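**Q** Right, I'll just put the structure down here and ask away after.
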Amino acid sequence: MNIANTKVLNVPFIAGAALITFLGGAGLIVLLLFTGNKESNSETLSSQNQSAVQSQVSSIDDSKHDDDRSELTIDSIDDLSQFPSYFSRSVVLGKFLSGANFQQVLSLLHESKQFSDIALRQSTQVEIFRRLASLDPELALSHTHEFLRTQRKLYQSVIFQEWSSTDVNSVVMYTEQNLQDLEWDTRMMILHSILDSGSALSEEVKRDIARRFDLETYFDSLGARARRLAMLENPKEHWSLLLGDSLNDHEQIEDLVMLAHAMIENNGFDDFRTLHQKLADRHLRNEVLTEVLLARGRTVGYESAFNDAVLLLDDTNRSIVFDVADRWFNQDAEATFEALSHLEDEGLRDDLFETTALYLADWKPRRAIELLKSFPESIRGVVVYSALFNLSTEDPIETAKNLSKITQYQESQEEVPKYARDAPDRIHNVAHNLFRAWAEFDALAAFEWLLTDPIVAHIHDEMHFEIEEAVTADNAEALIEIALKQPDDASNEDFEGVILSKLASIDFDKAKDLLPKMREGPARVLGYATIGAVFFSRDNDPEKSIEFGKQLPLSEQAEYYLQLAGHWAAHDSAETLANLDLLPSAEAQARAASALIGWHNNWRQDLSEEQLEHLKSYLPEEAEGSNVKVIRSSTD
Amino acid sequence: MNETTPKTNRHGGVTSSFFQGALVGAVVLGTIALAYIFLPGLFNNATDDTSTINTEDGLVSNALNSTSYSDTSPGSAADITSLREFKSDFARSVALLKMLEHSNESQVLELLEQSKSIASPDRRLSTQSYILRRFAIIDPVKAITQATEVVWNRRAPLVNAIFSEWVQLDFEAAVEHARGLIDSDQRVALEAILKLRVDRSDQQIVELAREFGHESLALDVLEQAHVASAMDDPEAAWNAILNDSRTDVEQNEALRDILEVWVMQYGADVVSQIEESISHIDHPGGILYSALNFLTENAPQDTFELARNLGDHMRAIALEDVTLKWGDFDPRAALHAVSTVDDGALRNHLSNYLTGSWAALNPRELLENLTEFPENVRRRARGSALSSIARESPQEAAQLMLEMPNGINDYSWSVIGIWSRQDAVGALGWILSRPQEEQQKLLRGVLYDVVQEDPQRALETALSVPITGGSRGLEQMVINIVAQSDVDQAIAMLPSVRDDANTKTFSYVDVSRVLVERNEPFRALNLGLELPEPLQLNFFLNFFSQWRYSDIVGMYESLEKLPSAKLKSDAAKEILSYRVLSDYRPHRYFSDEQLQEIELYLLDDTD
């Protein structure tokens, strides 16, 4: 054979074989594409075809039943909705996802958002995230952020479970690296995914992981939780065991409550009631009942819990009815009032009305003020007071605007609870609170209000401490100016002196400079006495302290020395005792002696018997003999 | 011709060769095709080999190769233990599903039996859930019977799995069967039924749940569905929640989640858009929190302005959220923004927040920039900074504290308290090296931790500090701390208390409080009777108040057992005058008849 010919003849042979092979091969590939396993080509699919990845098995309609031996399949994720059961959907989706790569699964995630059936959407997305996690968990996590918080948590949980099932070390490393950014509940979720992963981790390793997540305390609580879970398997038996063991029942209340819930779940409320009523210890019985009913209120509704509480009412558990009513009221005030109005026990009904209204005043003072007229007339006074008292720290300006309502709804003396030890001065209490809160951010406005609102005019004398607290080096002068604008009457007479006294303890020089601003009378004496006392306490110069008073007119000097004596005594017993005779009047000396004895009795107990006897010699005779008693320490 | 013949021959030979080649190619391909059709296993193996390379985890392909009932003869068992080879949960579940895909009842039961040997409780439960899903399709009633073999408080996932399948196959039968279940199973079953709803309207869902006495469960399910629909249409979801039958206050979390995703999709303007719709909710902070956090992370200044322009109802709480978040990463800028707030109380409040965040980020920088804070916030700022420094370097913090005006009074707790948590002995050593007049204040911050290490040393240290100026001896504090963990040891320490009226009385009062809390009121009472008579008045005033607070009913029941008419009267007075603010509480515990009985113990005030 001619080699050249052979060559020529071989070329068409090869060409023919190649063409058929190419065409046939192409056909076979098409055949494979339509019938074969998609895994063989999953990486080569174009992105447009990614959603059309197919499972390896032949198509069959699962809409009737799953009991035949044909394999289930879908052509796209949209087909999932045609399957009537979760199980069949899970089967096809599992296969569908198995062969897809990350990008393909991600495309499916986006397609799944189109499902109108939310339950189907969510269950599909759970499987998709599980698959994404099996491919690249960190990248999978980054795709959870676009979802709702609840879904996000669910999908993150799925991802961490899957990740932990294959590589616990990476999960731990990831968590440690991101610890500061992870919320507590996410850390706990991750810890659980690790603990539940089935990895053969020793207790020591588990604890170490918890420590690295800053969850050691939480980890410790899991042991107790597991113990309880086991206990719940047979609640009645464990109820008896707990009550019969040697431990203090009061320390096991939490467990008893949990068993009570389990009994109710398993056997109904009546079974629990029977066992509960056999509890001899009143404290234990009522605490368990309280917890059980409050929990039932949250789950089956407060109306039902309230009715149970009324049904179980005895001489020892009345407060449980109130506890349940409080919470019901907080949830649905109208329904609670309505139910209360049908109570047969009138005493209980009236008490509940008052308590629930006061509860509202405690928690939602503005709402209580709004609803005031819908409450029984007899309780409006106490409700408005309580509401304003609570509102005063939160919104002092609003409280000031409503303060007159206290007078408007003032109770008559007969309405004050008969056991009240001291009927509160309501205006006084609220005004104190609101002034303190207001002065925190605007002392000048608060002070202006105090001096100008007639409703608080009668409490000016009682506000010195609050005013002092509001004074700073920066605002003192402005406060004094406000005080000076007020008419010179008894209720305003010494405010500027009070302010100056406080200023002296903050900035002595500034206070001294402001002395000329003091109006004559009590304010000026107070201001001078405060400054004069500083010469004694700071400079140890009693003579200068006394001399300073001589700048005042004679008519004010006597009061100056009386006040100075008080300041000296308050500062130091020994120094005062040593200089007591320098005070220029017998009255001032007596005031100093009396104050020193008072300090000794009530606080310092720093004087000897001889010193006390000496001091008593300065007192007027009637005081020496009766009013000023020297209290000795208990072991004297 | 000669010239052409070879050409023709050559041409004909070429054609022939081409067809011969084509024939060979066709035969090869035909063989491959036939092999593919008739020997699928060969191709499956080949495909799987490829997939093993192509799939990124190298695990899923194994799952698809695993034994399945479809590959085995009917009735033969696949071994569930073979699933152990899969590390991945996903791969395991796919393999299990394939195993179950065509299983019959006996095979399912066999798998269920095998599953009981799975050691990990969670894995066992999830495996059984899959198996029972399959069983539910075959025979749901028998599936439930199997599920109830698992203890009641662990089987919720199984009941849920069964009913999730059952309700889709036969709604009425599922509902009917659920009626006969115990409460815990019934609630799980009902929730599965309600969630799947199967063409039922919202109203029908609520009515069905009401029939079961679990209306709130239907409301929960509907709420969850509304929230989930926010991904498609947040505005509609928002309105659905506001217009449903639940009070909006209970739905703060739902509104929060919807608002967050709404803002993520449509931006900050949404916050102003929803403002009016929640004006009736007293505390909208919980609703705004997540959305504002998200916006602040991305554009703090704009979000601050947005919050500032909200109405009275939301402004303060919104500014709080934004300031807190902003402070986490740029407290100085946040403080600058806060300084522009007109409302003084709010400005103060927000500035206070920023002391903490700035201190956490850079406490020394905070101390250098104190003047940027309003005057009345600076003390708190110093405290926050010192606390933060104390965590890293307690001695430096202590030194800084001493250099500050009024430092020990204002900041000893911030510094010493933190130092003491880390190193109680070191902190105590430093305190004892300070002048005696400083020690009393400083020791308060360390005694708790010293007691935990060495109660006796704590007591001796406390006793070494003089009682001055009306203060109480530190031994009271030590005894109080000891009493919390060992009341008998605390009682044994009482004789060491110095003869100072207040220190002695309140040491006894503190121990009595613990005894009352331990339900041993008469032991506490006898302790009080050991005190010198002048101190008893104050003791019993406190003791009765504690007892009333701890167990007012017990106090009432014990009235008759009290040792003197005076104590009975004092106790009765305490019960009757119990009030919290304006709320006189006796009627909360006692009926009118009981209150009258208590009144009988009151002595005339002149007695």
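**Q** How many square angstrom of accessible surface are buried between A and B, both sides summed, with a 1.4 Å probe and rounding to 100?
**A** Its buried surface, counting both partners, is about 10000 Å².
**Q** So, one more: Could you give each residue of the range A:93-110 its phi-based ³J(HN,Hα) in whole Hz, using Karplus coefficients 6.51, -1.76, 1.60 with θ = phi - 60°, and x for Gly or Pro?
**A** 5, x, 5, 4, 7, 4, x, 7, 8, 4, 4, 5, 5, 4, 4, 5, 4, 5
**Q** Now a separate question. Could you state the number of Å between the C-alpha centres of the range A:530-595 and the range B:436-504?
**A** Between the Cα centres of the range B:436-504 and the range A:530-595 lies a distance of 38 Å.
**Q** How about the range A:421-484: which trypsin sites (Lys or Arg not before Pro) there are in a DSSP loop, with at most 13 other Cβ atoms within 10 Å of their Cβ?
**A** A:Arg421
**Q** What is the dipole size for the range B:485-607, taken about its Cα centre, with +1 at each Lys and Arg Cβ and -1 at each Asp and Glu Cβ, in debye to the nearest 20?
**A** My answer is approximately 280 debye.
**Q** Something else now. Mind giving me the FRET efficiency for B:Asn309 and B:Asp592? R0 is 51 Å, r the Cβ-Cβ distance, nearest 0.05 is fine.
**A** E(calc), rounded to 0.05, equals 0.35.
**Q** Among B:Trp430, B:Trp326, B:Asn406, whose Cα sits farthest toward the positive end of the charge dipole of chain B (+1 at Cβ of Lys/Arg, -1 at Cβ of Asp/Glu, about the Cα centre)?
**A** Going by the charge dipole, the pick is B:Trp430.
**Q** Rounded to a whole number of µm²/s, how large is the Stokes-Einstein D of the range B:485-607 at 20 °C and 1.002 mPa s, given Rh as the Kirkwood radius over C-alpha pairs?
**A** For these conditions, the coefficient is 142 µm²/s.
**Q** So who's got an amide H within less than 5 Å of the one on B:Gly473, skipping anything under 5 residues away but keeping other chains? H placed 1.01 Å off N, in plane.
**A** B:Thr503
**Q** Counting other Cβ atoms within 10 Å, keep those with at most 15, restrict to DSSP loop, and tell me which GluC sites (Glu not before Pro) in the range A:214-245 are left.
**A** Sparse-neighbourhood loop GluC sites (Glu not before Pro): A:Glu233.
**Q** Next question, about the same structure. Averaged over every viewing direction, what's the projected area of the C-alpha convex hull for the range A:428-497? Give it in nm², one decimal, please.
**A** Working: hull surface 16.5 nm².
The directionally averaged projection comes out at 4.1 nm².
**Q** Right, here's the next one. What percentage of the solvent-accessible surface of the range B:485-607, computed with a 1.4 Å probe over protein heavy atoms, is contributed by carbon and sulfur atoms?
**A** C and S atoms contribute 49 percent here.
**Q** Can you give me the long-range amide H partners of B:Ser103? Hydrogens built in the peptide plane at 1.01 Å from N, cutoff under 5 Å, separation of 5 or more residues or another chain.
**A** The answer is none.
**Q** Right, something else. Considering the dipole of chain B built from charges on the beta carbon (Lys and Arg +1, Asp and Glu -1) around the Cα centre, which of B:Ile182, B:Phe540, B:Ser277 is farthest to its positive end?
**A** So the residue furthest toward the plus end is B:Ile182.
**Q** Take the range A:152-269, compute every pairwise Cα distance, and split them into 10 Å bins from 0; I just need the percent in each bin.
**A** Here the calculated profile for the range A:152-269 is 12, 35, 23, 23, 8.
**Q** Under 5 Å between amide H atoms, partner at least 5 residues away or on a different chain: which partners does B:Arg579 have, H built in plane at 1.01 Å?
**A** Close amide H contacts, sequence-distant or interchain: B:Arg585.
**Q** From the P(r) of the range A:336-391, can you give the percent of Cα pairs sitting at distances over 15 Å?
**A** Roughly 42 percent, once rounded to a whole number.
**Q** Report the Stokes-Einstein translational diffusion coefficient (µm² s⁻¹, integer) for the range B:413-561, Rh taken as the Kirkwood radius over Cα pairs, at 10 °C with viscosity 1.306 mPa s. Mind showing how you got there, number by number?
**A** Values: Rh = 16.1 Å.
The Stokes-Einstein estimate is 98 µm²/s.
**Q** Next question. How far, in degrees from 0 to 90, does helix B:565-576 lean away from the longest principal axis of the Cα atoms of chain B, to the nearest 10?
**A** 40 degrees
**Q** Can you tell me the accessible area per residue over the range B:416-506, all protein chains present, probe 1.4 angstrom, in square angstrom?
**A** On a per-residue basis, 41 Å².
**Q** Would you calculate the separation in nanometres between label points at B:Asp199 and A:Ser142, each defined as 7 Å from the Cα along the Cα-to-beta-carbon direction?
**A** For the pair B:Asp199/A:Ser142, the computed spacing is 4.5 nm.
**Q** Assign unit charges at the C-beta atoms only (+1 for Lys and Arg, -1 for Asp and Glu), then state the dipole size of the range A:425-543 relative to its Cα centre in Debye, rounded to the nearest 20. Intermediate values should be presented prior to the final figure.
**A** Values: 10 positive and 25 negative charges, 3 e Å.
With only Lys, Arg, Asp and Glu charged at Cβ, the dipole is about 20 debye.
**Q** Given the peptides A:184-191, B:474-481, arrange them by the average over their residues of other C-beta atoms within 10 Å, most packed first.
**A** B:474-481, A:184-191
**Q** Across the residues of A:348-356, average count of Cβ atoms on other protein chains within 10 Å?
**A** Whole-number average of other-chain Cβ neighbours for A:348-356 is 3.
**Q** Work out the mean other chain Cβ neighbour count within 10 Å for the residues of B:226-238 and drop it here as an integer.
**A** That works out to 3 on average.
**Q** At 0.36 nm per residue, minus the direct Cα-Cα distance, what do B:Asp423 and B:Glu403 gain on full extension? Give it in nm, one decimal, please.
**A** Difference between extended and current length: 5.0 nm.
**Q** I've got another one for you. With all distinct Cα pairs included, what does the Kirkwood hydrodynamic radius of chain B come out to in Å, to one decimal, could you say? Can you show the working numbers first?
**A** Numbers: mean 1/r = 0.0300 Å⁻¹.
For chain B, inverting the mean 1/r across all distinct Cα pairs yields 33.3 Å.
**Q** When the Kirkwood hydrodynamic radius is evaluated over all pairs of different C-alpha atoms of the range A:214-319, what value in angstrom, to one decimal, is obtained? Numbers along the way, then the final one.
**A** Numbers: mean 1/r = 0.0682 Å⁻¹.
Kirkwood radius, the range A:214-319: 14.7 Å.
**Q** Next up: Quickly rank B:347-353, A:265-271 as a protection proxy: mean count of other C-beta atoms within 10 Å, highest first.
**A** Most protected by this proxy first, the peptides run B:347-353, A:265-271.
**Q** In whole Hz and in residue order, list the ³J(HN,Hα) couplings for the range A:451-456 that follow from phi through the Karplus curve 6.51 cos²θ - 1.76 cosθ + 1.60, θ = phi - 60°; x for Gly and Pro.
**A** Coupling constants for the range A:451-456: 7, 10, 7, x, 5, 10 Hz.
**Q** Find the centroid of the Cα atoms in the range A:217-250 and in the range A:339-398, then give the distance between the two in whole Å.
**A** Comparing the Cα centres of the range A:217-250 and the range A:339-398, I get a distance of 41 Å.
**Q** Under 1.5 on a/c is rounded, so check that first for the range A:280-383, then, if it is not, pick prolate when a/b is larger than b/c and oblate when it is not; a ≥ b ≥ c are the square roots of the alpha carbon gyration tensor eigenvalues. Write out the running numbers ahead of the final one.
**A** Details: a/c = 2.00, a/b = 1.71, b/c = 1.17.
Prolate is the answer for the range A:280-383, as a/c is 1.5 or above and a/b outweighs b/c.
**Q** Here's another thing I want to ask about it. Residue-wise, which Karplus ³J(HN,Hα) couplings in Hz belong to the range B:512-525, taking 6.51 cos²θ - 1.76 cosθ + 1.60, θ = phi - 60°, and x for glycine or proline?
**A** Running phi through 6.51 cos²θ - 1.76 cosθ + 1.60 with θ = phi - 60° gives 5, 4, 5, 5, 5, 5, 8, 6, 10, x, 6, 5, 5, 4 Hz.
**Q** Nearest 20 debye, what's the magnitude of the dipole of chain B about its Cα centre given +1 on Lys and Arg Cβ and -1 on Asp and Glu Cβ? Walk me through the numbers on the way to the answer.
**A** Numbers: 52 positive and 91 negative charges, 335 e Å.
Using Cβ point charges on Lys, Arg, Asp and Glu, chain B gives about 1620 debye.
**Q** Using square roots of five times the C-alpha gyration tensor eigenvalues, list the equivalent-ellipsoid semi-axes of the range A:108-170 in whole Å, biggest first. It would help to have the intermediate numbers written out before the result.
**A** On the way: eigenvalues 87, 23, 19 Å².
Over the Cα atoms of the range A:108-170, the ellipsoid semi-axes are 21, 11, 10 Å.
**Q** Output the peptides A:593-601, A:547-555, B:335-343 sorted from most to least packed, where packing is the average of other Cβ atoms within 10 Å over each peptide's residues.
**A** The peptides rank, most packed first, as A:593-601, B:335-343, A:547-555.
**Q** Would you mind giving the mean number of other chain beta-carbons within 10 Å of the Cβ of each residue in B:82-92, as a whole number?
**A** Shielding by partners across B:82-92 averages 5.
The values are calculated or read from the model by the stated rules, or taken from the named source; none is laboratory data. Since we're looking at a predicted model, the values are computed, not measured. All Cβ positions, glycine included, derive from the backbone under ideal geometry; neighbour counts span all protein chains shown. Accessible surface areas use protein heavy atoms only, side chains included; no ligands, DNA or RNA. Shrake-Rupley method; radii C 1.70, N 1.55, O 1.52, S 1.80 Å.
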